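Structure below; questions to follow.
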Amino acid sequence: MQIPELERKSIEYRKTILSSIAQAGAGHTGGSLSCTDILNVLYNAVMRVDPHNPNRSERDRYIHSKGHSVEALYTVLADKGFFPAEKLATMGRGGSHWVGHPTRKVAGVEQNTGALGHGLSVAVGMAIAAKQDGLAHRVFTLMGDGELTEGSIWEASMSAAFYKLDNLIVIIDRNTLQITGRTENVMALEPLAERFSAFGYAVRTVDGNDVAALVDTFAQIPFEPGKPNLVIARTTKGKGVSFIEDAADWHHHVPTAAELTTALAELDQAEQRRQERYATA
Amino acid sequence: MQPLEVGKPNQQIFSDTLLKLAESDRNLLVVTSDSRGSGRLVAFGKQLPAQIVEVGIAEQNLVGVAAGLAAAGKHVFAVSPACFLTARGLEQIKNDVAYSDQPVRLVGISAGVSYGALGTTHHSLHDLAVLQAINNIDIVVPADNFETQAAVEAAIMHPRPLYLRLGKKAMHHLHAPGADFVIGKALRIRRGDDVALLANGETVEIAAQAADLLAARGISADVLSIHTLRPFDEAAVLETARRVKAIVTVEEHSVHGGLGSRVATLLMQAGVTPALRIVGIPDEYTYTGSQQEIFAHYGITPADLAQTAELLLHATRVEAI
């Protein structure tokens, strides 16, 4: 998929995410908006997936370790055709499988997540199995930065390097905010790149809200043969809506009807500007 | 009754059986957390190094990696001391294995008070309680070498997550040739109609020996090896409970949340209420010593169990008068 189309999709995804959260009356607004571009690029430009045969053995695997940002994942999976988009309207309703953290009851979801610090170990297991069987598929996992204080991440990281999993791609949604405030004030993570390098990853840092930069970065996988890949995607929590951006209060704040209207209008304006930019070019 | 013949530790049978199965199934993988010594898997690691995945002392990662391997179609046995596996790795068991429905075979080794004098850090008297409260994980606690081998063989094809609880003591053979082991079906060790001794794991042989002592006193005791806690063989327990006047349950676990609690819950709700005693480890700072000494302290010996059963039976007779 070309960059202009990816950019268009990001704006459209953000509108869907906000509308779905408002309709459900619950959701993780800030984190879903920060990782929208990452998921967009993964599903539309990087990963080999087959929505009509979700369990095809050659597929790349994706583990949504930051499970709370499920609204972004559901939005992208619906757009890809893993399930009808109408299902998004059932989010959080009694009996719906579209619950607040992903489960395998939803087509396209590989693993139930939501308790933080779990996805990486599961991804490591999948990547070891692929290596053992000589299979070419890759395993991707997206972690939040607030999640990185879980000790299990570092257990899993040791094994990722030990087993030389260059078929594993770990992405950090580095929006620098968690529910209490700045990650560096809650429990300092930096120097993150150095820490992950020391654990044996090949590390790249990228603007995680720039689809072109993300495409370029993922095109370089594997970064170094024999090393697990790690992408620190610098993002803005709540990206795309001025009053939601970089605000810890919007971690799981649900937009009011008025806020939703304003937010959707901002995103429409962004789409207008995008079209004008390409028209000019 | 002939004295029981001593076999091997169930953990040894586990590793012997696993090695045989793995030789013809290259998808069979063992995941260990620096636990291949305790799990008697050193030989496995030497003979089939490509089929053992070591994660170091990291039980959370052990379970998560095992879930990922199972998701990829591997036949996975995650082996670690029960005390660490089911406490340190509990959230991974709950979410990555049970909730995600990844058919990992979790093997808790040196379970209960197998580690004896190493103390409470190394005891697992909680594992059956916590796992029974988690949906979608079957629980098997084999009694002897036969049950262990059969359980491991059955585990390979088991479609759901499974917890296999093993100890390290050499176990007596309890079953006659031709016994039929099925996950979820209790096995009768002795047939009797006065009292029933319901046990699992390493306490079954003690219950069998207690039954022989009772027989010498003219008391007929039924002994069931309830090797599967989930799915629980309600029919076998109810059928037994309706025949006998008293039941003693015995387990190498806290008296809260294990076999005894499961039996009591079933019987009360079914309205079948023979006299009942739950023998296990009480809610107190656990007595220290070897497994045998801990058992003796808490009345888990043939003589003590026989006495408990006899007194309970006697009490029902007095009551009847």
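Would you mind calculating the relative contact order of chain B from Cα pairs under 8 angstrom and at least 6 residues apart, reporting the percent as a whole number? Numbers along the way, then the final one.
Details: 701 pairs, mean separation 52.2, N = 321.
Once normalised by length, the contact order is 16 percent.
Subtracting the Cα-Cα distance from 0.36 nm times the residue separation, let me have the gained length for residue B:296 to residue B:217 in nm, one decimal.
Length gained, residue B:296 through residue B:217: 26.3 nm.
In whole Hz and in residue order, list the ³J(HN,Hα) couplings for region B:202-219 that follow from phi through the Karplus curve 6.51 cos²θ - 1.76 cosθ + 1.60, θ = phi - 60°; x for Gly and Pro.
6, 8, 5, 5, 5, 5, 5, 5, 5, 4, 5, 5, 5, 4, 5, 9, x, 10
Using the Kirkwood radius built from alpha carbon pairs, what does the Stokes-Einstein equation give as D for region A:74-153 at 20 °C and 1.002 mPa s, in µm² per second?
Calculated translational D: 149 µm²/s.
Can I ask one more? Just tell me the longest site-free run in chain B, where the sites are trypsin sites (Lys or Arg not before Pro) in a DSSP loop having at most 16 other beta-carbon atoms within 10 Å.
Longest gap between qualifying sites, sites excluded: B:27-184.
Can you tell me the relative contact order of chain A? Whole percent, Cα pairs under 8 Å, sequence separation 6 or more.
Relative contact order of chain A: 24 percent.
Residue separation times 0.36 nm, minus the C-alpha to C-alpha distance between residue B:47 and residue B:26: what's the value? Could you put the intermediate results ahead of the total?
Details: separation 21, 0.36 × 21 = 7.56 nm, distance 1.23 nm.
Between residue B:47 and residue B:26, full extension yields an extra 6.3 nm.
Please compute, over every Cα-Cα pair in region B:96-235, the percentage with a separation greater than 19 angstrom.
53
Tell me, what ³J(HN,Hα) does each residue in region B:153-165 have, in order and in whole Hz, if you take phi through Karplus 6.51 cos²θ - 1.76 cosθ + 1.60 with θ = phi - 60° and put x for Gly and Pro?
Result, ordered by residue: 5, 6, 5, 4, 9, 5, x, 10, x, 9, 10, 10, 10 Hz.
Need one number: convex hull volume per residue for region A:191-281, Cα atoms only, in Å³.
Values: hull volume 11.4 nm³, N = 91.
In region A:191-281, the Cα convex hull volume per residue is 125 Å³.
Continuing with this model, one more query. At a temperature of 20 °C and a viscosity of 1.002 mPa s, determine how fast chain B diffuses translationally according to Stokes-Einstein, using the Kirkwood radius over alpha-carbon pairs as Rh; express D in µm²/s, rounded to the nearest whole number.
D, rounded to a whole number, is 109 µm²/s.
Translational diffusion coefficient of chain A at 10 °C, 1.306 mPa s, Stokes-Einstein with Kirkwood Rh over Cα pairs, in µm²/s as a whole number.
84
Right, here's the next one. What residues qualify as long-range amide H neighbours of residue B:189, i.e. H under 5 Å apart, gap of 5 or more or another chain, H built at 1.01 Å from N?
Close amide H contacts, sequence-distant or interchain: B:223, B:224, B:225.
Moving to a separate point now. Relative to the compact globular guide of 2.2 N^0.38 Å, what is the alpha carbon radius of gyration of region A:88-132, as a ratio?
Values: Rg = 13.2 Å, N = 45, 2.2 N^0.38 = 9.3 Å.
Here the answer is 1.42, to two decimals.
Just to be sure I follow: if Rg is taken over the C-alpha atoms of region B:6-172 and Rh is the Kirkwood radius over the same atoms, what is Rg/Rh? If you can, show how the numbers build up before the last one.
Numbers: Rg = 14.1 Å, Rh = 15.3 Å.
Rg divided by Rh gives 0.92.
For the pairs B:8/B:46; A:164/B:46; A:80/B:94; A:9/A:227; A:164/B:74, note any where the Cα-Cα span goes beyond 28 Å.
Listed pairs above 28 Å: A:80/B:94; A:9/A:227.
Given a Förster radius of 45 Å and the C-beta distance between residue B:6 and residue B:160 as r, what FRET efficiency does 1/(1 + (r/R0)^6) yield to the nearest 0.05?
Values: r = 33 Å, r/R0 = 0.74.
For R0 = 45 Å, the calculated efficiency reads 0.85.
So, in Å, what gap is there between the alpha-carbon centers of region B:1-51 and region A:107-177?
Going from one Cα centre to the other spans 29 Å.
Relative to the longest principal axis of the C-alpha atoms of chain B, give the angle of the C-alpha long axis of helix B:234-243, reported between 0 and 90° and rounded to the nearest 10°.
With rounding to tens, the tilt is 20 degrees.
Using only alpha carbon positions, build the gyration tensor of region B:187-320, then give the equivalent ellipsoid semi-axes as the square roots of 5 times its eigenvalues, largest first, whole angstrom.
With the √(5λ) rule applied to region B:187-320, the semi-axes are 21, 18, 14 Å.
Are there DSSP H segments in chain A that both extend 18 Å or more along their axis (alpha-carbon positions) and score a mean Kyte-Doolittle hydropathy of at least -1.0? List them, or say none.
Qualifying helices, which must be both long enough and hydrophobic enough, are A:3-24, A:119-132, A:257-280.
Now for a different question. Semi-axes, largest first, in whole Å: what does sqrt of 5 times each Cα gyration tensor eigenvalue give for the protein assembly as shown?
54, 25, 19
Do you know the relative contact order of region A:148-263, to the nearest whole percent, from alpha carbon pairs under 8 angstrom that are 6+ apart?
33
Quick note: the coordinates plus some simple rules give every number you see, no bench work behind them. In this text the structure is predicted, and so the values were computed from the model without any measurement. Neighbour counts run over all protein chains shown; Cβ positions are idealised from the backbone, glycine included.
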